[in-house]
Amino acid sequence: MQAFENSVQMLQVAAKAAIDKGGEDLVALDVSQPLPLVDIFLLVTGNSERNVAAIADEVEDRLLEAGHRRVRREGRAEARWVLLDFGDLIVHVFHSEERTYYGLERLWKDCPTVPIEVAESVEPA
């Protein structure tokens, strides 16, 4: 269970980064049963190619700063669907059209969701 707790911590870091860059419609799916090498998929929507790239870059930067190693990154050049593979956590940052078209929520509909708990940042006065 410790490994899954680590994945959930990674999820929270990634979700906070995505939200800070304008990511929308975040959904986290526990895919550990059908995919034994992965624990969680995080799905995020951006509203333009530029926004998708910014979200993906921020997620990647924050996870790297937190000490997690990226295994693979795909789709950054086109910025329509960027996949960031951090082993136990895979982040999918979609342009809204690609998210609708590929429908990963439908594909993985039997997988339970994982709660996303993002603490609000407090701005100094």
**Prompt:** Ordered by residue, what ³J(HN,Hα) values in Hz, to whole numbers, does the range 97-112 give under the Karplus form 6.51 cos²θ - 1.76 cosθ + 1.60, where θ = phi - 60° and Gly and Pro are x?
**Reply:** 5, 5, 4, 5, 4, 7, x, 4, 4, 5, 5, 10, 4, 7, 8, x
**Request:** Using a/c under 1.5 as the rounded threshold, could you call the range 1-52 rounded, prolate or oblate? The axes a ≥ b ≥ c are square roots of the C-alpha gyration tensor eigenvalues, and prolate needs a/b larger than b/c, oblate otherwise.
**Result:** prolate
**Prompt:** Which three extents, in whole angstrom, do the alpha-carbon atoms of the chain cover along their principal axes, largest first?
**Reply:** 42, 35, 24
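Considering only DSSP beta bridges where both residues belong to the chain, give the percentage that are antiparallel (nearest 5).
Just about 65 percent of them are antiparallel.
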**Fill in**
Here the net charge surrounding residue 7, from other residues whose Cβ is less than 10 Å away from its Cβ (Lys, Arg +1; Asp, Glu -1), is -4
**Fill in**
Note on the chain: contact order normalised by length, alpha-carbon pairs under 8 Å, 6 or more apart, percent, works out to 29
**Prompt:** Can you list the residues, at least 5 places off or on another chain, whose amide H is less than 5 Å from the amide H of residue 81, using H built in the peptide plane?
**Reply:** 95
**Estimated FRET transfer efficiency when R0 is 30 angstrom, pair residue 110-residue 73 (beta carbons, to 0.05)** = 0.65
**Request:** For the range 44-114, just say rounded, prolate or oblate: build the C-alpha gyration tensor, square-root its eigenvalues into a ≥ b ≥ c, call rounded for a/c under 1.5, and beyond that prolate if a/b exceeds b/c, oblate if not.
**Result:** oblate
**Prompt:** Based solely on its DSSP helices, what 222 nm [θ] is calculated for the chain when runs of n ≥ 4 H residues each add -39,500 (n - 2.57) and the sum is averaged over all residues, nearest 500 deg cm²/dmol?
**Reply:** -11500 deg cm²/dmol
**Prompt:** How large is the dipole of the range 28-125 about the Cα centre if only Lys and Arg carry +1 and Asp and Glu carry -1, each at its Cβ, rounded to the nearest 20 debye?
**Reply:** 320
**Request:** Loop sites only, by DSSP: take the GluC sites (Glu not before Pro) in the chain that have at most 13 other C-beta atoms within 10 Å and name the longest stretch containing none of them.
**Result:** 1-77
**Message:** Spelling out what I want: for every residue of the range 30-42, take phi, set θ = phi - 60°, compute 6.51 cos²θ - 1.76 cosθ + 1.60 (Karplus), and round to whole Hz; glycine and proline get x.
**Reply:** 7, 9, 5, 6, x, 10, x, 8, 10, 9, 9, 9, 10
**Prompt:** By counting other Cβ atoms within 10 Å of each Cβ, how are 106, 62, 73, 50 ranked from fewest to most?
**Reply:** 106, 50, 73, 62
**Complete:** In order over the range 70-81: 3J(HN,Hα) from phi, Karplus 6.51/-1.76/1.60, θ = phi - 60°, whole Hz, x for each Gly or Pro, gives 7, 8, 7, 9, 9, x, 5, 4, 7, 6, 9, 8
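Rule-based calculations on the coordinates, nothing more; no lab input. Please read all numbers here as calculations on a predicted model, not as lab measurements. As a convention, Cβ positions derive from the backbone with ideal geometry for all residues, glycine included, and neighbour counts pool all protein chains shown.
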